[in-house]
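The structure appears right after this line, and notes come after that.
The values are calculated or read from the model by the stated rules, or taken from the named source; none is laboratory data. These figures come from a predicted structure and were not determined experimentally. Reconstructed Cβ throughout: ideal geometry from the backbone, glycine too, with neighbour counts over all protein chains shown.
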């Protein structure tokens, strides 16, 4: 009778501690105003711009202009939450030839270095992991304030979908869908504390 | 064999009529065939062609309306008054539908967030924003208007054939190229 009672807390305490540590916000982390933020993209389909966005994603952003070494940006994007022209195309893009969300549900970006370019412009270097492929990317952003004093970071970069094996097989012809996909990110942070 | 042939439509009106008929036939066939296809590059290609043909119909119909507005069509052959009214009514309804069907398709495309770029060269403005609910409404509007157009085309063709083969009153000949009429009269 005593053994389980002893064993339970001995396991539970470190687990609980671990959970608390994981849940605790990173020092200086700022809540991204998700409703005002967006991750969109545009590619050309048979010569016509087709836009989309992700409905669900998480971000962990620490932005300290005075201490860029301690600043960072991390994103987890729920690929199945994609918003496209129709349910038909959303179903297709979740499939194996495109994102294969059953196997690779999340795209992850983690910054490695943030460079101040002056004039409220920055360059975020980091690694993007998409469909099991990890590649270094650089995202230039411009910072400004909206009417409410929120800090708005806007940037875009061009992603080559075939680098990540996105749109293979019958979709690999870039005359149907361009290889270049322009990703536009708009991240809104509350005013600096 | 001598057959009474009433005054005919002008060459321009005849050419535009048969061009419309060919384009509508092609696009109804394309539309009905492409919708059930599983998503593929070929399906996207067919949708694109469908939009181009549809916009062409719109342009041709605008030209026809302009042409028609500035001249009188030939008189009807002798027929009961109700048939004359039915003919005029269905012609008017077809003009309305031939205008609304391409517009509804264009709006439907806009509402799915895909701009129509006519012939890959001329981007048409998106008159409505991307909206899933609106897209669903416009999709069924486009389908409904097409069903009505298809029904009217059946009535139109049946009536033309009835006038030609049963009444033998020269109604169809008014809309046939002169060369065709000569070689068959």
Exercise for the section: Test residue B:37 against the criterion of being buried (at least 16 other Cβ atoms within 10 Å of the Cβ), more than 20 Å from the chain's Cα centre (by Cα) and without any contact (Cβ under 8 Å) to a residue 12 or more places away in the chain, and give yes or no. Expected result: no
Handout entry: Candidate set: the range B:133-149, residues that are facing chain A (nearest Cβ under 10 Å) and touching a residue at least 12 places away in the same chain (Cβ under 8 Å); chosen: the one surrounded by the fewest Cβ atoms within 10 Å (Cβ to Cβ)
Key = B:139
Completion exercise
Note on the range A:143-152: residues exposed (fewer than 14 other Cβ atoms within 10 Å of the Cβ) and outside any loop (DSSP other than H, G, I, E, B) are A:144, A:145
Completion exercise
Within the range A:109-136, residues being surrounded by 15 or more Cβ atoms within 10 Å (Cβ to Cβ) and closer than 30 Å to residue A:169 by Cα number 7
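Let me confirm something: among A:155, A:167, which residue is in contact with a strand residue (DSSP E or B) (Cβ under 8 Å, 6 or more places away or on another chain), away from every other protein chain (no Cβ under 14 Å), surrounded by 18 or more Cβ atoms within 10 Å (Cβ to Cβ) and closer than 21 Å to residue A:44 by Cβ? Write out each step before concluding.
Numbers: A:167 fails: away from every other protein chain (no Cβ under 14 Å).
Residue meeting the stated conditions: A:155.
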Fill in the blank from the handout: Restricting attention to the range A:35-60, the residues that are more than 14 Å from chain B (Cβ to nearest Cβ) and free of Cβ contacts under 8 Å to residues at least 12 places away in the same chain number exactly 1
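Taking the stated definitions as given, is residue B:94 touching a helix residue (DSSP H, G or I) at 6+ places or on another chain (Cβ under 9 Å), assigned to a loop (DSSP other than H, G, I, E, B), surrounded by 13 or more Cβ atoms within 10 Å (Cβ to Cβ) and away from every other protein chain (no Cβ under 14 Å)?
Details: touching a helix residue (DSSP H, G or I) at 6+ places or on another chain (Cβ under 9 Å): yes; assigned to a loop (DSSP other than H, G, I, E, B): no; surrounded by 13 or more Cβ atoms within 10 Å (Cβ to Cβ): yes; away from every other protein chain (no Cβ under 14 Å): yes.
No: the conditions fail for residue B:94.
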Practice task
From B:21, B:78, grab the single residue that is away from chain A (no Cβ under 14 Å) and over 18 Å from the mean Cα position of the chain (by Cα).
Solution key: B:78
Exercise for the section: Output the residues belonging to the range A:63-97 that are surrounded by 19 or more Cβ atoms within 10 Å (Cβ to Cβ) and assigned to a strand (DSSP E or B). Expected result: A:72, A:73, A:75, A:77, A:82
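Go through A:27, A:85 for me and flag whichever is at pLDDT below 90 and within 13 Å of chain B (Cβ to nearest Cβ). Reasoning before the result, please.
Values: A:27 fails: within 13 Å of chain B (Cβ to nearest Cβ).
Result: A:85 is the single residue among A:27, A:85 that is at pLDDT below 90 and within 13 Å of chain B (Cβ to nearest Cβ).
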Fill in the blank from the handout: Within the range B:40-60, restricting to residues that are farther than 18 Å from residue B:108 by Cβ and more than 14 Å from chain A (Cβ to nearest Cβ), the one that is surrounded by the fewest Cβ atoms within 10 Å (Cβ to Cβ) is B:59
Practice task
Test residue B:154 against the criterion of being surrounded by 13 or more Cβ atoms within 10 Å (Cβ to Cβ) and part of a helix (DSSP H, G or I), and give yes or no.
Solution key: no
Problem - For residue A:52: the one exception among (1) in contact with a helix residue (DSSP H, G or I) (Cβ under 6 Å, 6 or more places away or on another chain); (2) within 30 Å of residue B:122 (Cα to Cα) - result: (1)
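So how many residues does the range B:57-82 have that are in contact (Cβ under 8 Å) with a residue 40 or more places away in the chain and assigned to a helix (DSSP H, G or I)? Outline the logic, then answer.
Initial filter on the range B:57-82 (in contact (Cβ under 8 Å) with a residue 40 or more places away in the chain): B:57-58, B:60-61, B:63-64, B:67-68, B:71, B:73-79.
Now drop any that are not assigned to a helix (DSSP H, G or I), which leaves B:57-58, B:60-61, B:63-64, B:67-68.
Result for the range B:57-82: 8.
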Practice task
Only one of these is in a loop (DSSP other than H, G, I, E, B) and away from every other protein chain (no Cβ under 14 Å): B:105, B:170, B:120. Name it.
Solution key: B:170
